[in-house]
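First comes the structure, then the notes that go with it.
The values are calculated or read from the model by the stated rules, or taken from the named source; none is laboratory data. Every value quoted in this text rests on a predicted model; they were computed, and no experiment measured them. Here Cβ is always computed from backbone atoms with ideal geometry, including for glycine, and neighbour counts include all displayed protein chains. Side chains included, ligands, DNA and RNA excluded: accessible areas come from the protein's heavy atoms. Shrake-Rupley method; radii C 1.70, N 1.55, O 1.52, S 1.80 Å.
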Amino acid sequence: MRLNLSSHIVLDQVDERLYKPINAYEQSVLTSFERLNTNIFASEEEAARVAAQSIAMDIRAKASAGEHYTLVISGGVSPNATLRELCELHKRDGLSFKNVHIFPMYEFFPLKSADEGVLASLRTDFLDHIDIPEQNIHVFDLSVDQNEISKAWEQYYRDLTSLGGIDTIILGIGRRASIGLNPPGSVVTNGLRLTVLDETSRNEAVSTFNTKENVPATAITLNLGEVLKARRVILLAFGEAKADILRKVVEGSTTDSVPASLLQSHPNAQIYCDLHAAEKLTRIMHPWRVTSLEWTDKLIRRAIVWLCKKVNKPILNLTNQDYSDHQLGELLTLYGSAYDVNIRVFNSIQHTITGWPGGKPNADDTNRPERAVPHPKRVLIFSPHPDDDVISMGGTFHRLVEQGHDVHVAYETSGNIAVNDEEVIRYLSFLRNVLKEKGHGEGELMDYTLRLRHFLLHEKEEGSIETEEVRFLKGTIRREEARTADRFIGLDEDHVHFLDLPFYETGAIKKNPISEKDVHIVMDLLRELKPQQIFVAGDLADPHGTHRVALNAALAAIDELKDEAWMKDCWIWMYRGAWAEWDIENIEMAVPMSPEQLRFKRNSILKHQSQMEAAPFLGDDERLFWQRSEDRNKATAHLYASLGLATYEAIEAFVRYHPID
């Protein structure tokens with residue numbers, strides 16, 4: 001069973017020579033906009049394998065010379081795949097770590113126990129699986145009093161200095177381009193220091209501590225000066241969530257507001273990234289600016305949209321001179337004139353627009369994104385949380401119901417940890433008052449109500465793992481909000497399915513890995529319904545991961561069932577949520593909304609009252625979910641209008657997924 005198919009989603013078939021140049025000349029030409037040595041790979045696994053092999057080569061070279069090797073490792077999830085590869089090299093090829101000295105780049109302070117923090121994670125994921133001597137693991141002294149915090153790193157720094165400094169440092173990159181826990185504005189100084197975590201750093205540390213409340217307010221970290229003194233720096237970046245910041249780091253100017261950009265001055269700094277993280281680099285996003293190309297339809301569409309933005313013109317107003325002045329003369333050679341290219345691209349984008357997301361009956365569907373038949377269709381919408389359906393495709397959802405399709409929605413997770421305690425207390429208080437009013441002031445149900453209310457008000461520790469009872473109540477709140485929104489849209493209650501996938505039920509932000517048990521639950525529903533149209537969330541840049549895991553569960557189930565007869569007639573569409581939209585060259589179905597339809601969508605989102613202002617996962621973006629959704633949908637409509645297409649209030653966009661062989 002393939003459980004990570006989302007990593008194989010490639011919206012654009014990137015020409016391999018763009019990230020694997022055939023010679024030094026090609027490398028120089030392709031990277032002319034890049035200021036850092038950037039190695040791009042097709043997948044995170046391949047990048048991690050090459051990075052690990054490179055480190056292993058250095059370790060062996062040092063061992064052969066009878067020398068030690070000093071390796072500093074940052075916290076977070078970015079190094080994990082590389083550390084796994086190093087463990088595999090130890091197990092399979094006998095790579096020894098007896099000459100290696102390990103230093104965590106930073107550690108959180110204070111820690112409640114030795115089972116928390118960066119070192120604890122390194123032991124679990126790496127150190128316990130290799131032959132490194134215990135004395136070669138260098139730690140911070142976290143037993144010191146907070147008033148004498150500088151003593152916590154004195155021995156650590158003496159050890160690092162006595163070993164001759166850092167041979168290699170492995171770094172991840174934060175969403176604000178922080179290096180370790182050196183945020184924007186950090187001064188380039190040597191040594192170590194205590195740093196106060198900003199909001200972004202706290203959010204990124206959740207994977208280490210399970211809940212945000214458990215993340216300490218401060219941490220000890222190596223300063224930027226020590227990073228720049230390392231003989232080699234490896235910066236790892238994976239996933240499209242890192243694409244925007246990686247472009248700034250690699251192609252932007254050096255500035256302390258983008259700390260990782262300071263690595264441009266390092267003589268031996270290298271980036272290892274996958275195609276998703278590299279997708280905004282010029283040689284991947286706008287390759288016509290650095291080389292000649294084999295032009296595909298999607299690449300042509302992307303180039304013309306880029307050109308329209310450059311010259312501030314709609315598609316049909318572009319001239320031969322516009323093409324020639326912006327390195328797109330190849331298209332004139334291929335197609336004869338700007339007019340011919342303009343018409344081709346204009347029609348391509350126009351054909352994505354449809355008011356009939358389930359297909360228009362009795363219509364010629366040659367240039368429509370969805371089939372006219374069968375009609376009506378049996379439609380299944382997968383929603384990672386109990387509100388992603390309306391946030392991401394509420395207008396399309398309503399349109400499908402209005403147009404007579406047999407629509408089902410499947411909520412993959414309970415969403416229970418995204419409900420604040422205050423919401424539960426409110427409902428328990430309501431139940432208490434009802435019981436009193438109806439003469440049930442005593443009894444098992446009242447005792448249950450008062451006990452849980454007292455626990456949440458007075459006994460629950462901040463940041464603790466949710467108990468099963470509290471998870472049930474929070475999940476029930478989410479379920480009923482989802483049912484309310486579905487009734488508002490017009491869906492029958494027997495068409496609402498709650499899957500409660502097990503991977504999610506940890507009671508903490510950190511989830512379990514996806515398992516075959518999760519996939520079989522999805523498979524059972526698919527076999528029961530045998531839908532002709534499926535919608536799944538394609539948020540590969542999901543900040544806290546549930547969307548991607550839920551997508552993998554759906555895709556794995558589809559993969560297992562793809563050879564069944566009914567699947568041959570099933571089309572799968574991917575939508576995106578409140579964080580980002582599909583790039584226009586990839587949009588294959590665009591469903592427009594009028595002002596009234598957008599207002600209806602907003603009201604359906606507002607049915608999820610627990611997710612309004614008090615929702616714990618709004619993140620760094622202060623807009624509420626409905627505001628993010630509207631802004632995204634309006635921006636898509638504005639882009640279509642700016643290209644010379646029809647003007648709509650808002651547009652929801654979709655990309656078709658084809659099962660992988």
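With a cut-off of 13 Å between beta carbons, the residues surrounding Ile137 carry a summed charge of -3, where Lys and Arg count +1 and Asp and Glu -1.
For a distance above 19 Å, tell me the whole-number percent of Cα pairs in the range 297-430 that qualify. Numbers along the way, then the final one.
On the way: 5913 of 8911 pairs.
So the portion of pairs separated by more than 19 Å is 66 percent.
For the range 101-129, backbone nitrogen atoms closer than 15 Å to the point 7 Å from Lys62 Cα along Cα-to-C-beta are found at 101-105. Extending 7 Å from the Cα toward the beta-carbon at both His454 and Glu480 defines two label points whose distance is 2.4 nm. Think of it as helices only: each DSSP H run of n ≥ 4 in the chain is worth -39500 (n - 2.57), and spread over all residues that comes to -12000 deg cm²/dmol at 222 nm. Over 25 Å between Cα atoms: which of Lys62/Lys91; Lys360/Lys568; Lys460/Lys607 fall into that group? Beyond 25 Å: Lys460/Lys607. Within the same chain, lysines fewer than 8 places from Lys601 are excluded, and of the rest, those with a Cα less than 19 Å from its Cα are Lys634. The order of the peptides 443-456, 508-521 by mean Cβ neighbours within 10 Å, most packed first, is 508-521, 443-456.
Of the options Trp571, Met593, Leu561, report the single residue whose Cα projects farthest towards the positive end of the charge dipole of the range 560-661 (beta-carbon charges: Lys, Arg +1; Asp, Glu -1). With unit charges placed on the Cβ atoms, the residue in question is Met593.
A Förster radius of 45 Å, combined with the Cβ-Cβ distance separating Lys517 from Leu334, puts the computed FRET efficiency at roughly 0.30. Name the helices (complete DSSP H segments) of the chain with a Cα length along the long axis of 27 Å or more and a Kyte-Doolittle mean of at least -1.0, or state none. Those that pass (Cα extent of 27 Å or more, hydropathy at least -1.0) are 44-64, 468-489.
So what is the accessible area of the range 51-120 per residue, in Å², with the probe set to 1.4 Å?
Working: 2890 Å² over 70 residues.
Value returned for the range 51-120: 41 Å² of accessible area per residue.
Entry comment: accessible area of the range 399-470 is 56 Å² per residue, from protein heavy atoms only and a probe of 1.4 Å.
Charge tally for Gly94 (other residues, Cβ to Cβ under 12 Å; Lys, Arg +1; Asp, Glu -1): +1.
Other residues lying with their Cβ under 12 Å from the Cβ of Val29 contribute a combined charge of +1, Lys and Arg counting +1, Asp and Glu -1.
For the peptides 95-101, 236-242, the ranking by mean Cβ contacts within 10 Å, running from highest to lowest, is 236-242, 95-101. Here the label points at Asp563 and Asp93, each 7 Å from Cα along the C-beta direction, are separated by 3.6 nm in the simple model.
When the accessible area of the chain is computed with all protein chains present and a 1.4 Å probe, what percentage of it is carbon and sulfur? The partial results should precede the final answer.
On the way: 13470 of 27970 Å².
Ligands and nucleic acids excluded, carbon and sulfur give 48 percent.
Per residue, the range 309-377 exposes 54 Å² of solvent-accessible protein surface, assessed with a 1.4 angstrom probe and all protein chains in place.
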